[in-house]
Amino acid sequence: MNEHQSRRNFLKLGALSAASTVFLPRELFARYEESTEAQGNDVVLRCCVMSDVHFDGRVDAKEVPRFKRAIEFMYEYSAQQAYSNFDALLVVGDMTNHGTEPELTLFKKTMDELVKPGTEKLLCMGNHEFYGGNAEYWQSVCGVEPNRRYEVNGFHFIAISPEKGTMKDGDYLYMVDWLDRELEKIYREDQEKPIFVFQHYPVSPTVYGGRGWDDWGVEDLFDTLQKYPTVVNFSGHTHYPINDPRCAWQGCFTAFGTSTLSYLCHGHEGYRFQKYLPDDSKYGQFFVMETRRDNSVTLKPYDLATDAFFDVVYFVAKPGAIDEYVYTDKRYSESEKPTWREGTVPKITAEDAYFATIKFQQAYCKDVVLGYCVDLERKDPKTNEWVDAGACCFWSDYFLRVMPETAKGTLDNLEPDSEYRGVVTALNPFMRKSDETLSFAFKTPADPNDSAEKDSPTPKPDYYDISVVDGELVNAPTNNWDSQFPLERRGEPRIDGAVVAFSGKDYYISPTPEEALKKLRRATIAAKFALDEDATGPNAVFGNTQMGGIELSCDANAKLLRLWVSVNGTYTVLDCPIELGKFYEAFGSFDGKTVALYLDGKEAARRDVRGVLTHTADSAARAFVFGGDIASGMKGEALMKGKIEYAKLYSWALTAEQVANLCKR
């Protein structure tokens, strides 16, 4: 029996007559729809609910055809139903990247061309609309107020926009009193109909991305919304998968997260899982929302990547019936744990000295299997005892419409020529673990290119060793890789004796192969530099932080040196004070357990973070920049105004003693 079949078998049709269940298979729900329509409980409202469309002003950007396809599908789908109307389009913020004229006008033009008379357009602003625009300009282009009450087919909708787009508590406080008054009027008139409220940020603590480890939400609205139990709230912002059960929440009201049409993100789940995956930009998702004559609300998640519905449905049978709500916090302690299928055995492939691949048949869970955690032990060659070697976590790919039958993950942070053993635990979305684990053992091969420099008191870098030699900037690492990484000059950086001077408009870029980045799981980055006394804002010195990576940079305004390290897809940032116009030697390291920042040979900051150094999934951003940071499209950004004497990158973490020795020379 496959997973979809077993999910369908666990429900009985009668369960739909009262409260909802956590995940409803579509095949079963279709039977319910047929039955309820035969009883006269037909659909009276149909909406498309989407968020994070992210138009960037280019007509050929991937988001434009996705947006078009979503609207076209809504009309096609509606025409095939007994109730054939497509009543309203809700765009829950971030329709653009920056809120600028080219982006907003393209979005508005595209929307107006696609949306036919009879379909209302309900919009609110997101934080991205403030990056190059403001509320007044947004209203002038979109033709609607940022905060507005709508009525469609007798149902009320309230759009809320942030005041500034800071993504912090307080962005919605300016309109809370207005919202309270509007909700009180509507609720007093009818205490059975759902009231649809939508804003860009999640309401904390409700849906996935608005609570716990991965809280991107704000607390401004919770106290107001919980006074009105018929509220059905929609939020965006997180880009989290629409078929994750945590995208539905119920307490004193109901809330849903609406995913994205642009690119997926994932929660780090306590800094254990990767936030960004290589194929995330391929996916777009949205809800088809239908309300019936009895006021029940159905949300059907749609997958644009496969142009089909997901196999699940969210269902609110009685808005306001709090005692019957089931998308509650109880799921975090009472939801079904994953179980292993009989005969499941992990297969380990360790062809590399530093990481291995693990594969096995997916576990099963009534909701969904979120992912897996692997706890590792390594045999210490000196004591012959097993010691803790950390944990590796990876997703089940549950966010795909058709989840693969085989789970596949990477075990990182391994040592060459070492014996390992471990156990695999399956997790459901509410972090409940399988009772049983899978055991395995393997050995990594030796590294034929292992650097003898690792034990040197003053080690030479094996990845980048950039400095001026005979009037030219060169990269001369010990080079464990297949070839050196070239430096490409952009603009007019000036070589002045032993240093390179940057004007804030020039830099060097070094494209880096994906295979080389895969080996950079631990690292030490270093540079000797000085910011000009008139430097302002962000000044990146050396690094590659575009949704991942490691970098040394400075905030000239705050006079701070910053080390950025992406651990499991989430940045750890350490800083320390500096002066403008003064040369410093800065080192930043990550050894899989700790991030450390050193200034002139002395430790300036440290933080314990377990995991691996992760890099961008954007192939057009796989490069290090000398005198700046990398942006998508192989361009530099946060360009430096100052001087650099050297830049170094090691594929391992230097010790504090080695850093001190190097700075004494």
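The values are calculated or read from the model by the stated rules, or taken from the named source; none is laboratory data. Just so it is clear, the model here is predicted, and its values are computed rather than measured. Every residue, glycine among them, receives a Cβ derived from its backbone with ideal geometry; neighbour counts consider all protein chains shown. In case anyone asks, the SASA skips ligands and DNA or RNA and just uses the protein heavy atoms, side chains included. Shrake-Rupley method; radii C 1.70, N 1.55, O 1.52, S 1.80 Å.
Suppose the filter is more than 26 Å from the chain's Cα centre (by Cα) and buried (at least 19 other Cβ atoms within 10 Å of the Cβ); does ALA535 pass it?
So ALA535 passes the test.
Please determine, by comparing only the residues of segment 94-135 that are assigned to a loop (DSSP other than H, G, I, E, B), open to solvent by 60 Å² or more (accessible area, probe 1.4 Å) and of a type outside the set (S, T, N, Q), which one is nearest to MET74 (Cα to Cα).
LYS116
Just to be sure I understand the filter: pairs with C-beta atoms under 9 Å, separated by 6 or more residues or on different chains, first member in segment 496-523 and under 26 Å from LYS582 (Cα atoms), second member assigned to a loop (DSSP other than H, G, I, E, B) and β-branched (Val, Ile, Thr). Which pairs pass?
GLY504/THR536
What are the residues in segment 34-45 that are part of a helix (DSSP H, G or I) and open to solvent by 30 Å² or more (accessible area, probe 1.4 Å), if any?
GLU34, SER35, GLU37, ALA38
Go through segment 557-593 and give me each residue that's more than 27 Å from the chain's Cα centre (by Cα), among the small types (Gly, Ala, Ser) and within 28 Å of LYS664 (Cβ to Cβ).
Residues satisfying the conditions are GLY581, ALA586.
Out of segment 542-567, which residues are at positive phi, open to solvent by 10 Å² or more (accessible area, probe 1.4 Å) and touching a Leu at 6+ places or on another chain (Cβ under 9 Å)?
Within segment 542-567, LYS559 is the sole residue that qualifies.
Would you point out the residue of segment 362-389, among those that are free of Cβ contacts under 8 Å to residues at least 40 places away in the same chain and in a loop (DSSP other than H, G, I, E, B), that is surrounded by the most Cβ atoms within 10 Å (Cβ to Cβ)?
Looking at the filtered set, the residue picked out is ASP380.
On the basis of being surrounded by fewer than 23 Cβ atoms within 10 Å (Cβ to Cβ), more than 31 Å from the chain's Cα centre (by Cα) and closer than 19 Å to ASN475 by Cβ, does LYS528 make the cut?
yes
Quick check on segment 159-181. Is at least one of its residues closer than 23 Å to MET50 by Cβ and in a strand (DSSP E or B)?
Yes: segment 159-181 contains one or more residues that are closer than 23 Å to MET50 by Cβ and in a strand (DSSP E or B).
Counting just the residues of segment 312-333 that are part of a loop (DSSP other than H, G, I, E, B) and aromatic (Phe, Trp, Tyr), which one comes out most open to solvent (accessible area, probe 1.4 Å)?
TYR325
Quick one: how many residues across segment 342-361 are farther than 30 Å from LEU520 by Cβ and not in a strand (DSSP E or B)?
So the count comes out to 4.
If only one of ALA647, ALA586, ALA617 is open to solvent by 10 Å² or more (accessible area, probe 1.4 Å) and either in contact with a helix residue (DSSP H, G or I) (Cβ under 6 Å, 6 or more places away or on another chain) or closer than 28 Å to GLY504 by Cα (or both), which one is it?
Sole residue among the options that is open to solvent by 10 Å² or more (accessible area, probe 1.4 Å) and either in contact with a helix residue (DSSP H, G or I) (Cβ under 6 Å, 6 or more places away or on another chain) or closer than 28 Å to GLY504 by Cα (or both): ALA617.
Every residue in segment 203-240 that is of a type in the set (A, V, I, L, M) and closer than 20 Å to PHE399 by Cα, please.
Residue satisfying the conditions is VAL207 alone.
Report, by residue number, each residue of segment 271-307 that is over 14 Å from THR258 (Cα atoms), under 19 Å from the mean Cα position of the chain (by Cα) and hydrophobic (A, V, I, L, M, F, W, C).
Result: PHE273, LEU277, ALA305.
Suppose we keep only residues that are out of contact with any Gly (no Cβ under 9 Å at 6 or more places or on another chain) and among the aliphatic types (A, V, I, L, M) within segment 400-423. Which one would you say is nearest to ALA356 (Cα to Cα)?
LEU414
Identify, from the list HIS268, HIS239, the residue that is surrounded by fewer than 21 Cβ atoms within 10 Å (Cβ to Cβ) and either at pLDDT below 95 or at positive phi (or both).
HIS268
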